[in-house]
Structure formats: structure tokens, C-alpha cells
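Reading through the C-alpha cells given below for one structure.
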Amino acid sequence: MTNFSEKEIIKGLLSNDDIFLNNLYETFFPVIKRLIKNNSGTETEAWDIFQDALYIIFSKVKNNKFELTCSFNTYIYSICRHMWLNHLRKHRIKKTEFIDCGIFIKLTDESDIDKEHILNLEYFLFREHFNKLDRKCKKLIELFLKELSFNEIAKMLNYKNALDARRAKYLCKNLLINRIKNDPKYKELQNYENSK
């Protein structure tokens, strides 16, 4: 796996091939876990960082912005290392010495990686709370995001009229926003964004 070409990695990620993805995890996660655990982290934090790095790489692949100038092993290690150093700074975790367990490069797109990381965190926070809404609220928000008119939404979801559908959307949206804003992860995310 560490010798896969850029084309093979792109193909494997875009095809969502289970065998490829399992090999990716089995090959690269142990090093990332060791990196995080050696530097004041937990296995769960390592898993989160690794997942975020894969989402960032997948996003780059999807948007034709993925260019490998080193081995994939070095690239994913460098992204995870960068994100973990940011995490340590954000949480003011002081370590006398940062222990590396892999080869890394200076990333030329650190600000893009940081932005993508924040977008991933925001997306997963949104999805977590969106999934906790009742079925009708979820459907209403989905239809609204698909840009259906309130008349269409009212008919589809059995509201009396467009005004009732609009009121229901307002209530569902506010419920979702309040749940997100009351989540401790939201405050962490705000602090992380402000530290950039």
C-alpha cells in the first residue's frame, strides 16, 4: 500500500472500494496512533485525526486538487502531524519534546488543510444534530435545502398552507441551531477557528 501510485490512490478513494479502504486503515493508522499516543493523545483522538485527514485527502481528490509529491505514507503522516500540533496548541497542551515516528514534509497547503479540517468538523457537528431531529423536521429541512417552494413543502408534508410550512421550517431550523450552539463541541470549534 505504501507504494501505491497517485492514480491508484485516486481510483481507490473515488470508487469507495472496501478492500482498498481497509488496506488504507490497516497500513497507515498504526503509525498515526503511535504519533498521537506518544504526544499526549488517546487512540480515539488518533482515530478522529486520521479520519479527518482521509476526508481532507478525499476532498482534494474529488476536487482535482490532489497532487502527491512524496510517498502517500509521508503525506498522510504530515497532514495528521500538522492537525495534531494544531490540536495541542489549541488546547495549550505543553510537551517538552514532540516525538515523531515517521517522515514528514512541510505542507505547502496548510491553510487549505486547516480550512478543510474546520469544514469537516462543522459538517459532522451539523449531521450529528440534524440526525437527532424528528423525521418531519428532517424532511422539511431537506426539502427546503432542495429549494422547493413552501407551497410544495406544505403539500408534501401535509401542512395547511405555505405559511404553516414556513413557520415549521423556522421552528425546526432554530431547534437545530440551538442544539448545535449548546453542544460543547461548538464552543471548541469556535475557539479553534478563532485561533487560526
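What follows draws every value from the coordinates through simple rules; no lab data is involved. Remember, it's a predicted structure, so these values are computed and weren't measured experimentally. As a convention, Cβ positions derive from the backbone with ideal geometry for all residues, glycine included, and neighbour counts pool all protein chains shown.
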Using beta carbons and a limit of 7 Å, which pairs, at least six apart or on different chains, have the first residue in segment 80-104 and free of Cβ contacts under 8 Å to residues at least 40 places away in the same chain and the second one of a type in the set (Gly, Ala, Ser) and surrounded by 13 or more Cβ atoms within 10 Å (Cβ to Cβ)?
-> MET83/ALA53; PHE104/SER78
Which of the residues belonging to segment 127-166 are under 30 Å from ILE49 (Cα atoms) and either surrounded by fewer than 14 Cβ atoms within 10 Å (Cβ to Cβ) or among the hydroxyl-bearing types (Ser, Thr, Tyr) (or both)?
-> ARG127, GLU128, ASN131, LYS132, GLU142, LEU145
Within segment 100-115, can one find any residue that is over 22 Å from GLN51 (Cβ atoms) and surrounded by 12 or more Cβ atoms within 10 Å (Cβ to Cβ)?
-> no
Those residues of segment 3-60 which are polar (S, T, N, Q) and more than 22 Å from ILE99 (Cα to Cα), in sequence order | ASN3, SER5, SER15, ASN16, ASN22, ASN23, SER59
